[in-house]
Amino acid sequence: MSLYKRGGFYWYRFLFQGQLIRESAKTNSKNRSPRSGASSQA
């Protein structure tokens, strides 16, 4: 999983079952962003 800042908010990107998932972490703080695992329900 990669974490990056875009437009003032952090986003994360990862592969799930061969599909690229990109979602907003809905925060502008890197400390409050998800760090490991797929917390999203795809």
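The values are calculated or read from the model by the stated rules, or taken from the named source; none is laboratory data. Values in this document were obtained by computation on a predicted structure and should not be read as measured data. Every residue, glycine as well, gets a Cβ built from its backbone with ideal geometry; the counts of neighbours run over all protein chains shown.
Quick notes
- Residue within region 17-40 that is modelled with pLDDT under 75 and either on the phi > 0 side of the Ramachandran plot or touching a helix residue (DSSP H, G or I) at 6+ places or on another chain (Cβ under 7 Å) (or both) present: yes
- Scanning region 1-30 for residues that are surrounded by 12 or more Cβ atoms within 10 Å (Cβ to Cβ), assigned to a strand (DSSP E or B) and small (G, A, S) gives a single hit, S24.
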